[in-house]
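Trainee: One structure coming up, written as structure tokens, with questions to follow.
We did not get these values from a lab; they are worked out from the coordinates using the rules stated. Computed from a prediction, not measured in an experiment: that's the story for all the values here. Cβ atoms come from the backbone with ideal geometry, glycine included; neighbour counts cover every protein chain shown.
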């Protein structure tokens, strides 16, 4: 029986050192950040994700039809991003498929980039980024990069399921959460997340172009943000602003 989610590699990789994941969620932070990294580093497209559970959508870039969830990179750095929201039915199978693929490719660290909504985001000039990790290795990387750990909170949605699958299967998954607008595309949050990735993985991705084009990005991604917000409402994404009822 075929897997519900398949990662199809046009250029097969035997191993991958680091893999970034950015899917549409709060502020489109992860999607914007990973898309900018792919563009800035000129990472080649090497594969895509196939599943009947994903929306029946294709995207068009420069006249070419593309699957909305695609894989970029090489054996040093791979990046998975999606240009369409992940519906609830696909979250579990996608998370399992991604983690199993990462394990099969001997991924050292899977880095998920996401946003965490803050009510006073408009007053914050440079959003702060917090980290979570499934392993001691990841926590040491966060500490050496001076990225503060999110001590208490909730995670909901695709990145939460990837975190759970990684924890269960022993994969180092670091989640970077940038303070973000909840209902609006947030290139500023994405820029802060990229700066954290630079420190974490030793990259040198410039965010000036991203910040200069912030308003254009907001306009281009407004409709995607609306669809993403509707999708996240069904996953109770707003709970991320609350504290858990129990500690420890």
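Trainee: Given 10 °C and 1.306 mPa s, compute D for the range 54-177 with the Stokes-Einstein relation, Rh being the Kirkwood radius over Cα pairs; round to the nearest whole µm²/s.
Mentor: After rounding, the answer is 99 µm²/s.
Trainee: Something else now. With a point put 7 Å past each Cα toward its Cβ, work out how far residue 45 is from residue 88 in nm, to one decimal.
Mentor: Each label point is offset 7 Å from its Cα along the Cβ direction, giving 3.2 nm.
Trainee: Could you give the nm distance between label points at residue 75 and residue 128, where each point is 7 Å from its Cα heading toward the beta carbon?
Mentor: 4.1 nm
Trainee: For the range 108-168, what D do you get in µm² per second when you plug the Kirkwood radius from alpha-carbon pairs into Stokes-Einstein at 10 °C and 1.306 mPa s?
Mentor: So the translational diffusion coefficient is about 122 µm²/s.
Trainee: In nm, what is the difference between 0.36 nm times the number of residues separating residue 119 and residue 53 and their Cα-Cα distance?
Mentor: Difference between extended and current length: 20.5 nm.
Trainee: Further, regarding this structure: Fewest Cβ neighbours within 10 Å first, please rank 130, 72 accordingly.
Mentor: 130, 72
Trainee: Checking a compactness column here: for the chain, what do you get for Rg(Cα) / (2.2 N^0.38 Å), N being the number of residues?
Mentor: Normalised Cα radius of gyration, the chain: 0.93.
Trainee: If you don't mind, another one. Expressed in nm to one decimal, what extension gain is obtained for the pair residue 152 and residue 60 from 0.36 nm per residue of sequence separation less their Cα-Cα distance?
Mentor: Working it through step by step, the gained length comes to 29.1 nm.
Trainee: Assuming R0 = 35 Å, can you tell me the calculated FRET efficiency for the pair residue 216 and residue 167, based on Cβ-Cβ distance, to the nearest 0.05?
Mentor: FRET efficiency, residue 216 to residue 167: 0.40.
Trainee: For 195, 15, what ranking results if the residue with the fewest other Cβ atoms within 10 Å of its Cβ goes first?
Mentor: Fewest-to-most ranking of 195, 15: 15, 195.
Trainee: At 0.36 nm per residue, and after removing the present C-alpha to C-alpha distance, how many nm does the segment from residue 144 to residue 100 gain when stretched out fully?
Mentor: 13.1 nm
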